[in-house]
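Please treat every number below as a calculation from the coordinates, not as lab data. Here the structure is a predicted model, which means the values were calculated and not measured. Every residue, glycine as well, gets a Cβ built from its backbone with ideal geometry; the counts of neighbours run over all protein chains shown.
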Amino acid sequence: MSSHPQNEHTSDDDGAVHAHVAPTKLYIGIFLALVAATVLTIGLSLVHLGTWNLAIAVVIATAKAALVVTFFMHLKDDNRFHALIFVGTLLFAGIFLAYTLNDTQHRGQVDRVNGSQMNDATGERAPGGLP
Amino acid sequence: MATEAQNASAAPVDAAHATTDRNFFQERSGIKSWLVTLDHKRIGLMYLVAVVLSFLVGGLFALLIRIELLSAGRTIMDADTYNRVFTLHGAVMVFLFIIPSIPAALGNFLLPIVLGAKDVAFPRLNLASFYLYVVGAVLALASMIIGSVDTGWTFYTPYSSNTDVGSKNAVIWMTGAVFVLGFSSILTGVNFITTIHKMRAPGQDWKRLPLFVWATYATSVIQVLATPVLAITLLLLIMERGFGLGIFDPRLGGDPVLFQHFFWFYSHPAVYIMILPGMGIVSEIIATFSRREIFGYMFVAMSSVAIALLGFLVWGHHMFTSGQSEYSTMVFSALTFLVAIPSGVKVLNWVATLYKGQITLSAPMLYALGFIVLFSIGGLTGLFLGTLSVDIYLHDTYFVVAHFHYVMVGGTVCAFFGGLHYWWPKMTGKLYDERLAKVAFWIFFIGFNVTFLSQFVLGSRGAPRRSWDYLPQFEELHRFSSVGAFIIGIGILLMVIVFVRSLVSGAKAPPNPWGSAALEWQTTSPPPVENFASTPVITRGPYDYHLATEGELYAGFPEDFEPSKKA
Amino acid sequence: MDHIPDIFGQLPKQASTLAASVDWLYQFIFWACVIMFVVIIGAMLFFVAKYRAKPGEKPLAPGPKHTTLELAWTFAPLILLGALFHWGFQSYVFSAVAPATSIEFRVRAKKWNWEFEYPSGSREGGVLVVPVHQPVKLIMSSEDVLHSFFVPAFRVKRDVVPGMYSTVWFEATELGEYDVFCAEYCGTSHSSMFAKVRVVTAAQYREFVLNMDRPPAGKTKAQWGAELFTANSCSACHHVVAGEAGGVGPNLFGVIGSEQPLEGGGTVHADLAYVRESVLRPQAKIVRGFTTAQMSTFTLSDSRIEAIYAYLETLR
Amino acid sequence: MSTATTDAPTASLEEAQPDAAPQDHGGHGPKFLAHHFDTPVQQFDAAKLGMWLFLAQELLFFSGLFVLYSVYRSWYPADFSWASHQLNRFMGGANTIVLLFSSLTAALAVRSAQVGDRKKTGMLLLVTIACAFAFLVIKYFEYVHKFEAGLLPGDRFHPVAAHLAASTRDLPIPQHGGSFFGIYFMMTGVHGLHVIIGIGVMFWIWLRNQRGEFSEQFWTPVDLVALYWHLVDLIWIYLFPLLYLID
């Protein structure tokens, strides 16, 4: 058997898998926190806060997601590279969202007609679209 | 790179030069040993056969297009047939050939060997990826048979959501095929990244990885991160066409420009999936046939990763005239220029490697140098298309067609042919006829330039692309370009003949016919099932010719022998 | 801007204010690329020729690390690329913002032809007549799929997206007739979706617009109406010979002045208002028994509808 | 007993993998170790890395839908608000709790597999599968209401006034409601599909657990299927507020 390969390994030299086993109470605690956050989200959605509603809903959802990822998915005591993959993926999804919104939010700012669906002069709706 | 036996610094272990007699062909035989194999080498060869077949089919469509464009008006087919032929040429070449070709065919065969591993990390997943490719190819074939698609390989809505030229749901079959092919590409990506991280031989740290592995790594990152967006885009297209969702089709309240965003978010990184492995092969070939290490190894390696990451920021340069907002047009144009820099760094480092090298102009080296010439033209013409006002003029004209053929055919296909020649002895254990291979290269090279240099001028004079008919003023250049296309056809035909003759009557290839210092040449040709007699311990980089011992660089031929003389 | 030589005749005639800046930038990039190409590939060929492998040669130890050179050729191109972006963006902004003094035309693209509507409201298919040295702004829309309004001589191109408006503007500087192509793939006859832009003097333009809405010289209104009746392919669905049945649409012989029974009950008096309505909004009132085929909407100017009405009056 | 080669992406859309031909292990190592791996920890690390890459791909697959949602919500906020009121917040909330609980039981199943308690692992996996079915049942009732109320995607969007939410009865029918419900059905539909796939894979892992393949040294497949299930829960954590709670 060849000597032990030296790429990233978390365990000692006997090659067996030693996982960090968390106590059951931790998992149940995380679950209760998640349920509390859900109730909070629903509660806050009933209060009319304008644009803040979306921001708060996303923040709470991100907090819940963070709890699930770090504890339930063991990202905390796992190989650092997995955390990099997860965060990197969110970054790329963010790039996709940001650049697409950069287009859809700013159409017609240089010339009002571009992207508009109604011709103000004649009141004619752009053909080919909704009736 | 040394096997245990040859390692000067390690304790002298008396194992002969990797003499395991049974190579992976002889290990098991019969059709079942191929269809349910888990050996990455067999899966690689199966991919190679499938990919080359797709290339020939796609090439046939290309010749049909060029015959039709020989003269204005109808030459051999009407407009609808032409629209279907150019769509199939695009779809078959992109999804069935150029994306899987180097990573799945050559990559599958070589990655474990150059890493010193026994196999890829997930062999069953590798076979599943191949069968997904076969299912995708069958679906694409079904779409062709029931009347095929005439939307262009880009499937732009609303044309793709309500065309019924050909058959009512040919679009659904073809987009379903590409959906399945996408997953084959993702699974290959997942497999390769895990293999590169976890299966490297002892001593093989990141600075000693061959540049082909760096390129495959960057490609796999793109495959895993970009292809899923294509999958969701095509799923949305199929659902909208089937059930009417109202997201891309303006008649239902959708927005076609949004589809273009979704499509190009995948398709621009996809062009880097196509070119990066080609660059990896060129690095390997240039190093071997200059007998010295690549100039600026770390810069070339990091430029592969830089291309992969920057490739995700620039997709909007396909849509400068599409009606997207002026702000995003500005941002995409600026970022497009950033992507040009890593490619430039690579080309300059390759040329610098040739300085003070010991260069032998074998067939693979010709393809690598051909890659540098053609890819430079392709890259430089990208500057025209990145500059906003010039792109407004040149967009959707033959200039763009010429640009991406220079980068894709002049780049990836040229590198694929180079890689095929370079690793042919290792994969099949047979030598090919060097002289005939060089003749085939020159025919391909000349034919390619004749075909596509003329299309640059066609485009700059304002000839729109994807046109079955054209105005009389463009006829002369179109005829010139069509003639070039046939010369390419002859060149490729000659190359196929060279390989078939090599398979039938080629001489037995020694383990290291090119005298290269890379790891894959330190095992037998073709290698045993587990690639090496015993897992090698790596003590030097893949291009350290000055550290390699005489035994490692021994080319396995009698002293005064030249590979080109050996048929 | 000084003129940069154009070899191979790469660029067509310059006929708009935008063309000069686009061409200058095109030629600048062309010659910059030629220089870079010659330098890089020249070096490559020189090295390949000079350092051929000689048998029995020992491989040399690798040279020192050239980090400074590497950083140089990583960041040096940024200067050229920055300049290209700047110039490209400058002339793009010039082409994106239409001047306030521009005349507005309405352009309607549909599967495989272009239709231009003049400020006076009358329409012309296939030819857009514009005055020279006068900025012209096109407000474009498409009825079905993506098209793209591309005039190589003016160096302008803009996709026409169904469901929304898009604009493009140019200022013609040379008289003459210039091709208009459709640059975005749009189906069977995408390659023959041509139109023309005819640049005329301001006087000729005024005169053209005026007599667009008058019967051509020497023709009465009814004769002009007959011409329009066939030009707009009304005759394809409506017969005009007494008693001839089997037309897709109702036979129009003797219709004017009569009471027409409508689908779903009621009748309508066939006068000018009814004819105008059935041309502009055919689905508003449908004659009983003609529900199978759907008449497409025609957008004709009033003077043309009156001419057709005059022609229909002659059918007695 | 066939070797339990840990093939990472045990789920989603690729077809079933042919089972590994039993490799002979002449002194190569413990029976669950595949021939091409040198040590169990290398095999475990490879499996986990492969699974995380697979989860990255799933995230980007769903990111396309979230971008679609964001673009259309930014264009037609009023239509989205009207349509969101048609959704039943109580059912959505219940589904969220069901999925969170199934995430808990999945995590506990992994924990019991790590300590080698085979019986507890089996029981917890069954509870997770039961929760998944509960989620689908609630989803079914929601879809039935949408079909009855005529709230369907694209040009099938013809809302039936009687079934509409009280708070929006007096508001006009939005023109872009079809787009919202197109996005709604795509998001919840693709997520539901992943729940169904999750059920299938968890049942397969439950079978292997009952056959006694897992032990204190080898519990990777349970961990991987739990990772997949947590991702499905993660997607719903974002889906619920974004679709149901637009005020």
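See the values below:
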| read-out | value |
| --- | --- |
| Loop-located trypsin sites (Lys or Arg not before Pro) in the stretch C:175-220 whose Cβ has at most 16 other Cβ within 10 Å (DSSP) | C:Lys219 |
| Mean-position separation - Cα centroids, the stretch C:267-316 and the stretch A:62-107, in angstrom | 61 Å |
| Shape parameters for chain C, alpha-carbon atoms, Rg then Dmax in Å | 30.1, 107 |
| Degrees separating the helix B:475-505 axis from the principal Cα axis of chain B, which is the longest one | 30 degrees |
| Furthest towards positive pole of dipole, B:Leu106, B:Val271, B:Pro510, structure part chain B, Cβ charges | B:Pro510 |
| Chain lengthening between C:Phe8 and C:Glu244 when straightened (0.36 nm per residue, less Cα-Cα) | 78.8 nm |
| All aspartates and glutamates inside 16 Å of C:Lys196 as judged from Cα atoms, apart from same-chain residues fewer than 8 positions distant | C:Glu115, C:Glu117, C:Glu124, C:Glu171, C:Glu174, C:Glu177, C:Asp179 |
| For a label point 7 Å along the Cα-to-beta-carbon line of B:Trp206, residues of the stretch A:66-95 with backbone N under 12 Å | A:81 |
| Unit charges on C-beta of K, R, D, E only; dipole of the stretch C:103-212, Debye | 60 debye |
| Per-residue mean of C-beta atoms belonging to partner chains within 10 Å, peptide B:289-302 | 4 |
| Nearest 10 degrees, 0 to 90: helix D:77-86 Cα axis against chain D principal axis | 70 degrees |
| For chain C, size of Cβ-based charge dipole, Lys and Arg +1, Asp and Glu -1, in debye | 880 debye |
| Packing rank of A:46-59, B:267-280, C:114-127, where each peptide gets the mean count of other beta carbons within 10 Å, highest leading | B:267-280, C:114-127, A:46-59 |
| Positive-end extreme of charge dipole, the stretch C:140-272 - chosen from C:Val168, C:Leu262, C:Gly247 (charges on Cβ) | C:Val168 |
| D:Ala94 versus D:Lys120: modelled label distance in nm, points set 7 Å from Cα along the beta carbon direction | 3.1 nm |
| Centroid-to-centroid separation of the stretch C:66-92 and the stretch D:124-141 [C-alpha atoms, Å] | 57 Å |
| Helical mean residue ellipticity (222 nm; -39500 (n - 2.57) per DSSP H run of 4+; nearest 500) of chain D | -22500 deg cm²/dmol |
| Ranking of B:Val305, C:Val151, B:Val345 by count of other Cβ atoms within 10 Å, fewest first | B:Val305, B:Val345, C:Val151 |
| Three-way shape label, the stretch C:103-212, alpha-carbon gyration tensor, a/c 1.5 | prolate |
| FRET efficiency for B:Ile446 and B:Ala507, using Cβ-Cβ distance with R0 set to 25 Å, rounded to 0.05 | 0.30 |
| Ascending count of other beta-carbon atoms within 10 Å, so fewest first, for C:Lys54, B:Lys118, B:Lys438 | C:Lys54, B:Lys438, B:Lys118 |
| Gyration tensor verdict on chain A (Cα atoms; rounded if a/c is under 1.5, prolate if a/b is larger than b/c, oblate otherwise) | oblate |
| Shape parameters for the protein assembly as shown, alpha-carbon atoms, Rg then Dmax in Å | 33.4, 115 |
| Rounded, prolate or oblate (a/c below 1.5 giving rounded, otherwise prolate when a/b exceeds b/c) for the stretch C:221-313 by Cα gyration tensor | rounded |
| Bridge type composition, the protein assembly as shown - antiparallel percent by DSSP, nearest 5 | 70 percent |
| C-alpha long axis of helix B:434-460 to longest principal axis of chain B, angle in ° | 30 degrees |
| Segment C:Leu262-C:Ser233, length gained on full extension (0.36 nm per residue, minus Cα span) | 8.1 nm |
| Calculated log₁₀ intensity ratio I(q)/I(0) where the Debye formula runs over C-alpha points of the stretch D:51-244, q = 0.11, 0.12, 0.18, 0.19 Å⁻¹ | -0.56, -0.64, -1.12, -1.21 |
| Inter-centroid distance (Cα atoms) of the stretch B:236-308 relative to the stretch B:370-415, Å | 15 Å |
| Computed helical MRE - 222 nm, chain C, DSSP H runs ≥ 4 contributing -39500 (n - 2.57), nearest 500 | -11500 deg cm²/dmol |
| Taking chain B and dividing mean pair separation by its residue count, relative contact order in percent (alpha carbons under 8 Å, at least six apart) | 20 percent |
| Shielding by other protein chains, C:42-48, mean Cβ within 10 Å | 6 |
| Three semi-axes of the equivalent ellipsoid, the stretch C:174-281, Cα gyration tensor, whole Å, largest first | 36, 22, 13 |
| Cβ-based exposure ranking for C:Thr220, A:Thr89, B:Thr387, in which fewest neighbours within 10 Å come first | C:Thr220, A:Thr89, B:Thr387 |
| Spacing of the two label points (7 Å from each Cα toward its C-beta) at B:Leu493 and A:Val110, in nm | 5.0 nm |
| Candidate lysines - alpha carbon under 18 Å from C:Lys221, same-chain residues fewer than 8 apart omitted | none |
| Aspartates and glutamates whose Cα lies under 16 Å from that of B:Lys346, excluding same-chain neighbours fewer than 8 positions away | B:Glu284, B:Glu293, C:Glu70 |
| Violating pairs (Cα-Cα greater than 32 angstrom) within the set C:Lys157/C:Lys285; A:Lys64/B:Lys118; B:Lys118/B:Lys207; B:Lys118/D:Lys120; B:Lys118/C:Lys65 | C:Lys157/C:Lys285; A:Lys64/B:Lys118; B:Lys118/D:Lys120; B:Lys118/C:Lys65 |
| Share antiparallel - DSSP beta bridges, chain C, percent rounded to 5 | 70 percent |
| Counting DSSP beta bridges with both ends in the stretch C:74-176, the antiparallel % (nearest 5) | 70 percent |
| Dipole in debye (nearest 20) - the protein assembly as shown, about Cα centre, beta carbon charges: Lys, Arg +1; Asp, Glu -1 | 780 debye |
| Calculated diffusion of chain B, Stokes-Einstein form, Kirkwood radius summed over Cα pairs, 4 °C and 1.567 mPa s, µm²/s | 53 µm²/s |
| Per-residue mean of C-beta atoms belonging to partner chains within 10 Å, peptide D:68-77 | 5 |
